[in-house]
Structure formats: C-alpha cells, structure tokens
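Each remark here refers to the structure printed beneath this line.
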Amino acid sequence: MEWLRTVLWKIMRWLYMENSREFEVQIEHLNGLLALSEKDLLDVEETTFLAERYVLGASAFDLAALLWEFRFGKFYREVLMLCADGDIEEIKSLCKQFYRSGKSAREVVQEIKNRNLVKRRAVSKDVQQMSSDLEP
C-alpha cells in the first residue's frame with residue numbers, strides 16, 4: 001500500500017513539473033506575442049490569474065484569451081466604479097468598444113456621461129412640451 005502511495009505521489013509530482021514547465025514556455029510565448037503587438041507585458045497579478053486557470057496542453061493563444069478576459073474585467077470594473085448611472089448593457093458595449101481601441105476607462109465614463117446628458121435634455125424637453133400643451 002505504501003508503494004502505491006509513493007508511485008501516485010511521484011506521478012503527481014511529475015505532472016505538476018510538466019505542467020509548470022509547459023506553463024513557463026507558454027507564458028514566454030505569450031509575452032513574445034504581447035511585445036510584438038506592442039501591448040503591456042504580463043505582470044505578477046496577471047501571471048497568477050493565468051496560472052490558476054492553466055491546464056496542460058493550453059496554447060499561448062488560449063492564455064491570450066484568458067488574459068483578455070482578465071484585463072477587460074479589470075477595465076469594466078473600473079468603469080463601473082467611476083460611472084454613477086447608466087444602462088448596464090450600454091456601458092458594457094461601450095467598454096468593449098473602447099477597450100478594443102485602447103481608450104481609457106475615464107474616456108468611457110465621459111462618453112456615458114455625455115450620452116446620459118443628451119438623454120436627460122431630450123426627456124426634459126419632452127416634459128416641458130407636455131406641460132406647455134396642458135396649460136390653458
């Protein structure tokens with residue numbers, strides 16, 4: 001029974017080492033892709049996020065998709081914290097659009113505020129029109 005435990009432990013250790021080596025290779029590959037596309041290289045927080053989700057056999061492109069998800073999520077949360085009001089679906093759509101084009105979270109918030117201001121003015125104008133129609 002002890003020999004079985006030893007064998008299983010060695011297999012698990014070998015799998016962990018293979019996983020670690022392959023992960024390091026894929027991270028180097030991903031950093032190379034990021035450097036070529038002039039994007040920010042991975043930081044510790046992002047590498048940790050990717051390591052927690054890495055599975056044996058995942059490619060650098062799989063990791064790139066996870067990285068995009070992580071970076072977009074961070075961007076989206078920042079916008080939500082800065083934005084006081086607005087339609088969530090519209091905010092998410094604008095976030096995707098602005099994130100892809102490399103804009104900052106503050107630019108998204110400014111665009112949302114501008115759109116909300118236009119909507120409020122339109123509603124205010126409609127209310128004024130309705131109230132003037134009701135007056136004798």
Original post:
In the list VAL109, VAL118, which residue meets the criterion of being touching a Leu at 6+ places or on another chain (Cβ under 6 Å) and more than 22 Å from VAL44 (Cβ to Cβ)?
Top reply: VAL109
**OP:** Considering every residue within region 118-136, establish whether at least one is surrounded by 13 or more Cβ atoms within 10 Å (Cβ to Cβ), in a helix (DSSP H, G or I) and either in contact with a Phe, Trp or Tyr (Cβ under 9 Å, 6 or more places away or on another chain) or of a type in the set (A, V, I, L, M, F, W, C) (or both).
**Re:** no
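In region 82-95, what residues are exposed (fewer than 14 other Cβ atoms within 10 Å of the Cβ) and closer than 24 Å to LYS39 by Cβ?
Here is the first cut: in region 82-95, the residues exposed (fewer than 14 other Cβ atoms within 10 Å of the Cβ) are 84-85, 87-90, 93.
The one that is exposed (fewer than 14 other Cβ atoms within 10 Å of the Cβ) and closer than 24 Å to LYS39 by Cβ: SER93.
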Subject >> Conditions (1) of a type outside the set (Asp, Glu); (2) in a helix (DSSP H, G or I); (3) within 20 Å of SER37 (Cβ to Cβ): number failed by LYS103 >> reply: (2)
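Output the residue which, of all residues in region 44-94 that are outside any loop (DSSP other than H, G, I, E, B) and in contact with a Lys or Arg (Cβ under 8 Å, 6 or more places away or on another chain), is nearest to GLN110 (Cα to Cα). Before you say what the answer is, go through the steps one by one.
The first filter runs over region 44-94 and keeps only residues outside any loop (DSSP other than H, G, I, E, B), leaving 44-53, 60-82, 88-94.
With in contact with a Lys or Arg (Cβ under 8 Å, 6 or more places away or on another chain) added as a condition, the list becomes 46, 66, 72, 76, 82, 90.
Details: GLU46: 27, LEU66: 28, PHE72: 18, TYR76: 14, LEU82: 10, GLU90: 13 Å.
Filtering region 44-94 for residues that are outside any loop (DSSP other than H, G, I, E, B) and in contact with a Lys or Arg (Cβ under 8 Å, 6 or more places away or on another chain), the one nearest to GLN110 (Cα to Cα) comes out as LEU82.
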Original post:
GLU24: outside the structural domain of CYS95 (by TED's automatic domain parsing), surrounded by fewer than 16 Cβ atoms within 10 Å (Cβ to Cβ) and either part of a helix (DSSP H, G or I) or at pLDDT 90 or above (or both), yes or no?
Top reply: yes
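The values are calculated or read from the model by the stated rules, or taken from the named source; none is laboratory data. Since this is a predicted model, take the numbers as computed values, not measurements. When we count neighbours, we look across all protein chains shown, and the Cβ atoms used for this are built from the backbone with ideal geometry, even at glycine.
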